Amino acid sequence: MRISTSYAEIAIDGRPMRTFVAAPADEGVYPGIAFYSDIFQLTDSTLRWVSRLASYGFVVAAPEIYYRIEEPGTVLEFDDAGKDRGQADVQALSAAEFDVDIAQLLAWLRGEPRVSDAPLGVAGHCTGGHLAFRAAFDPAVAATACWYPTGLADGVLGSDADAGSLSRAAEIPGELLMIFGVADPHTPAAARDVVRDALDEAGTRYEWILVEGAEHAFGRDVGPRWDPSATDEAMAATIAFFRRTLTA
């Protein structure tokens, strides 16, 4: 499916939250998906992932998660300096601030004419996977795909030592798709067990996928961690999940 791409500016607290929007090129109404990036913001790799998802019949909106700190259009490099800056940026923001941004993005997506009353989904990678998990608390969200979310097991998110995300799992009305690489040091087996036990205890509806041999950020199509076959496996599962939950 051909797509179109553009940028929207969502005003929050007097600042623009610049948001990349990818959507099918053909006119019509499609399910909307909010996407949250890793700590490097809207890199070319992230834009390719978002565009690929949109081509399966979704309106996908990906915001700059550091718009409160960084200037619009800021993209961090995949190097030590970029990593340090990204980590400093995320640690300067609170879970409460992220929650405000999530609510505003979902409200914008609900008002997007190409989405209208269609169901909403959320997806995210790494830190963005944790943000996606928190977005799943919104009653308008029918389905959420979290790729290797960080900080869920111990609750660390931004400046919050424990944002309590897992403890709120029972508030999630929709379904979850949880995807982890088996070789991910940020979410080792013990951490994954904490997450899964909490979801089971809360009665959350979820699918659980472990990708053998995959490291953290295996879906980022640059750098030595990229695993094309693992990415294809996870993407196929994500598309099938959203088609089942958002287009049925």
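The values are calculated or read from the model by the stated rules, or taken from the named source; none is laboratory data. Remember, it's a predicted structure, so these values are computed and weren't measured experimentally. Cβ sites come from the backbone with ideal geometry, for glycine too, and all protein chains shown count toward neighbours.
Here are the numbers:
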item: Residue that is surrounded by the most Cβ atoms within 10 Å (Cβ to Cβ) [pool: residues in the stretch 76-123 that are within 19 Å of residue 174 (Cβ to Cβ) and among the β-branched types (Val, Ile, Thr)]; result: 122
item: Residue match in the stretch 240-247 (condition: aliphatic (A, V, I, L, M), over 24 Å from residue 109 (Cβ atoms) and over 16 Å from the mean Cα position of the chain (by Cα)); result: no
item: Answer from 78, 40, 35 - the residue that is assigned to a strand (DSSP E or B) and either more than 18 Å from the chain's Cα centre (by Cα) or modelled with pLDDT of 95 or more (or both); result: 35
item: Test: residue in the stretch 197-216 that is crowded, with 21+ Cβ neighbours inside 10 Å, assigned to a loop (DSSP other than H, G, I, E, B) and either at pLDDT below 95 or touching a Ser or Thr at 6+ places or on another chain (Cβ under 8 Å) (or both); result: no
item: Complete set of residues in the stretch 137-151 that are in contact with a Leu (Cβ under 8 Å, 6 or more places away or on another chain) and among the β-branched types (Val, Ile, Thr); result: 141, 144
item: Yes/no for residue 201 being over 19 Å from the mean Cα position of the chain (by Cα), acidic (Asp, Glu) and more than 21 Å from residue 121 (Cα to Cα); result: yes
item: Within the stretch 43-65, tally of residues that are more than 24 Å from residue 83 (Cβ to Cβ) and part of a strand (DSSP E or B); result: 3
item: Restricting the stretch 145-160 to residues that are of a type in the set (Ser, Thr, Tyr) and within 20 Å of residue 213 (Cα to Cα), the residue that is surrounded by the most Cβ atoms within 10 Å (Cβ to Cβ); result: 148
item: Filter result (of a type in the set (Gly, Ala, Ser), assigned to a loop (DSSP other than H, G, I, E, B) and out of contact with any Phe, Trp or Tyr (no Cβ under 8 Å at 6 or more places or on another chain)) within the stretch 90-146; result: 92, 94, 116, 136, 140
item: Inter-residue pairs, beta-carbon under 8 Å, first basic (Lys, Arg) and in the stretch 205-231, second part of a loop (DSSP other than H, G, I, E, B) and buried (at least 21 other Cβ atoms within 10 Å of the Cβ), 6+ apart; result: 205/174; 220/38; 225/217; 225/218
item: Residue in the stretch 10-31 that is within 16 Å of residue 219 (Cβ to Cβ), of a type in the set (Val, Ile, Thr) and either outside any loop (DSSP other than H, G, I, E, B) or modelled with pLDDT of 95 or more (or both) present; result: no
item: Boolean, residue 73 is on the phi > 0 side of the Ramachandran plot, surrounded by fewer than 17 Cβ atoms within 10 Å (Cβ to Cβ) and not in a helix (DSSP H, G or I); result: yes
item: One residue from 149, 224 being at pLDDT 95 or above and part of a loop (DSSP other than H, G, I, E, B); result: 149
item: Members of the stretch 2-29 that are farther than 18 Å from residue 102 by Cα and surrounded by fewer than 22 Cβ atoms within 10 Å (Cβ to Cβ); result: 2, 3, 4, 5, 6, 24, 25, 26, 27, 28, 29
